[in-house]
Amino acid sequence: MTAWVPPDALGRRVSCGTDYGTVRYVGGVSRTSGVWLGVEWDDPQRGKHDGCYEGTQYFKCRHPKGGSFIRPNKANFGVDFLTAVKDRYGLNDKQDVQYGTENTVVFGTKTVEFVGMDSVAEQQRQQLNKLVDISVRECAVSHAGQTEEISRTCANMRHINLSKNLISSWETVMDIASQVQNLETLNVSENKMKFPSTSTSISSAFSNLKILALNQTEITWTEVLLCAQGWPALQELYLSCNNITVLERPDNVLKTLKLLDLSDNQLLDGNQLHLIAHLPRLEQLILRNTGISSIHFPDAGFGCKTKMFPSLKRLAINDNKISQWSSINELDKLPSLRSLQCNNNPLMDTEKNPETLIQLIIAKISQLEVLNNCEILPAERRGAELDYRKIFGNDWLEAGGHWEPEKNKPSEEFLAAHPRYPSLCLKYGAPEEGELKGRQPLTLKNQLLTLTIKCPEKPEQKPVEKKLPESMTIQKVKGLLYRLFKIPGSELKLSYESSKLEGKEVELDNDLKPLQFYSIESGDCVLVRW
């Protein structure tokens, strides 16, 4: 018996066991009988060839071993949306409607009075109508089903998870969404779909949509902009893992967007960001693992704010190739930036001491409040800025800096490397000559102290041993302890007990003094109170 093949099988998504693929060929194969499906598999390891079999090219694959032939009866072409919902929520009468007592029917976990099958169908609709948040992830959804059946049955849906199904085109997504009047959240990630390549008539299907996830769908940025004409209220857009390399300037679309996730797309270069820099309401931009090596805002000079990304508050650039401090300097030009994630960049390896690195970033970006998910306390900022002012004081003098304003003319090279230095001098005063004598080198090659850290008021807190540079200021130590013990650094009171003078406790009362000022030695114990 010949297995049934859908008339639109070519290009359709199918599954076979746990493997997913796209039908690239339907028909006969030499020296065999019957119909075969030529499938390009998402996982090339599942395939055997590139669509060429015994010298005949039946179809093409992107991977030389990405394709194979299967019989139609091995392919799952999927089910309609409503069937998947009923299966997932135990409301499918074919599987889950059971007869209870003489006058009742049990569907799912609900028992209802039996008054004929019309009543059963009505009860089923009532159950589905109560669903607001629906997930049919990995339920083999491939099409919408009968016209208006979804709107009649699931009228109250607002949030739908359609990820990792068998959806072949954006048109199918529109068919489903157009029947959900108040749709606010939609996740169609992990569906390799065809998207419109030319401008189409604007549908009202997504008129209320606020959150859309299109991760791993193979959408291009050009296709995003074409579809975005139908997303008038969209606030969050997730586009990770789509091989997006080139961006284009949005023209009258995405004006309401507050969050954009482009992570795991290898952008051509950092200048691509300029093309999306004028999204008026964009508050959060996620650029994790996008391959960018530099950031530059050419419209603003030293100490000035850029007109790009006017509303951007949160930026994630972790797992990239940024190696120069100039990119961190550029971030100070963003007028609204408050939170930054920048871990796992080559820049983070330029300082041996991670605390020094954190302090430098804090000092360079004036309005930053959160760095790598850690809050920056006012006292920590003050300490970082004072240290920065002192560390680069001699460089400032050598570059033409001076305590007298009329003689203060630092070079362009110095201002390019330290654009915030003039504002720090205005804030705290220019560094005095006495401060700059005998300063420690930035590499902190000085001696490390091995100290035991205890919390006397919290005996359940186990003592911690840390190695700290003797040049570390008390303020930096407090910042470290704040992160270590999750307590407000500004409220900390520190003292220490010498291993040589038992019972004597010395208060560490000056935030700007280094540990060596108090004659602390390895083996001493720092006491933390708050």
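The values are calculated or read from the model by the stated rules, or taken from the named source; none is laboratory data. Quick caveat: nothing in here was measured; it's all calculated off a predicted structure. Cβ coordinates were reconstructed from backbone atoms using ideal geometry, including for glycine residues, and neighbour counts include every protein chain displayed. Side chains are part of the model used for accessible areas, which takes the heavy atoms of the whole protein and leaves out ligands, DNA and RNA. Shrake-Rupley method; radii C 1.70, N 1.55, O 1.52, S 1.80 Å.
Using a probe radius of 1.4 angstrom, the carbon and sulfur fraction of the accessible surface of the chain is 48%. In this structure the amide hydrogen of Asn372, modeled in the peptide plane, comes within under 5 Å of the amide hydrogens of Leu340, Gln341, Cys342, none closer than 5 places in sequence on its chain.
FRET efficiency for Asp8 and Arg338, Cβ-Cβ distance as r, R0 = 60 Å, nearest 0.05?
The computed FRET efficiency comes out at 0.75.
So for region 275-350, averaging the separation of alpha carbon pairs under 8 Å that are six or more residues apart and normalising by length, what relative contact order in percent results?
Values: 141 pairs, mean separation 26.7, N = 76.
Computed value for region 275-350: 35 percent relative contact order.
Spin-label pair Lys466-Glu248: with each label point 7 Å from Cα along the Cα-Cβ axis, the two points sit 5.2 nm from one another. In sequence order, region 382-389 has phi-based couplings of 4, x, 5, 6, 5, 5, 4, 4 Hz under the Karplus curve 6.51 cos²θ - 1.76 cosθ + 1.60, θ = phi - 60°, and Gly or Pro positions carry x. Taking Cα centre as origin and charging only the Cβ of basic (Lys, Arg, +1) and acidic (Asp, Glu, -1) residues, the dipole magnitude of region 12-74 rounds to 100 debye. Here the chain is treated with +1 on each Lys and Arg Cβ and -1 on each Asp and Glu Cβ, and its dipole about the Cα centre works out to around 380 debye. Each of Ser68, Tyr53, Val29 was scored by the projection of its Cα onto the charge dipole of region 12-74, and the greatest displacement toward the positive side belongs to Val29; charges sit on the C-beta of Lys, Arg, Asp and Glu.
Note that region 501-516 has calculated 3J(HN,Hα) couplings of 10, 5, x, 9, 10, 10, 7, 9, 9, 10, 4, 8, 8, x, 4, 5 Hz, one per residue in order, obtained from phi through the Karplus relation 6.51 cos²θ - 1.76 cosθ + 1.60 (θ = phi - 60°); glycine and proline are x.
Extension gain for the segment His274 to Ala417, taken as residue separation times 0.36 nm less the Cα-Cα distance, is 49.2 nm to one decimal. Normalised by the number of residues in region 448-529, the mean separation of alpha-carbon contacts (under 8 Å, six or more apart) gives a relative contact order of 42 percent. Shown in residue order for region 342-358 are the 3J(HN,Hα) couplings computed by the Karplus curve 6.51 cos²θ - 1.76 cosθ + 1.60 at θ = phi - 60°: 9, 4, 6, 10, x, 4, 6, 9, 7, 10, 6, 9, x, 5, 4, 4, 4 Hz (x for Gly and Pro).
Inter-label distance, Thr32 to Glu218: 2.2 nm, where each label sits 7 Å from its Cα along the C-beta direction. How large is the accessible surface per residue of the chain, computed with a 1.4 Å probe and reported in Å² as a whole number? That works out to 50 Å² per residue.
Stretched out straight at 0.36 nm per residue, the stretch from Trp325 to Asp299 would grow longer than its current Cα-Cα span by 7.5 nm. Relative to the Cα centre, the charge distribution of region 329-433, modelled as +1 at Lys and Arg Cβ and -1 at Asp and Glu Cβ, gives a dipole magnitude of about 280 debye. Annotation note: trypsin sites (Lys or Arg not before Pro) in region 349-440 located in DSSP loop regions with a Cβ neighbour count of at most 10 within 10 Å are Lys437.
Relative contact order of the chain: what whole-number percent is it, with Cα pairs under 8 angstrom and at least 6 residues apart?
Relative contact order of the chain: 6 percent.
The distance between label points at Ser519 and Asn76 comes to 7.6 nm (points 7 Å beyond Cα on the Cα→Cβ vector). Report summary: the helix-based calculation at 222 nm, which adds -39500 (n - 2.57) for every DSSP H run with n ≥ 4 and divides by the residues of the chain, gives -5500 deg cm²/dmol.
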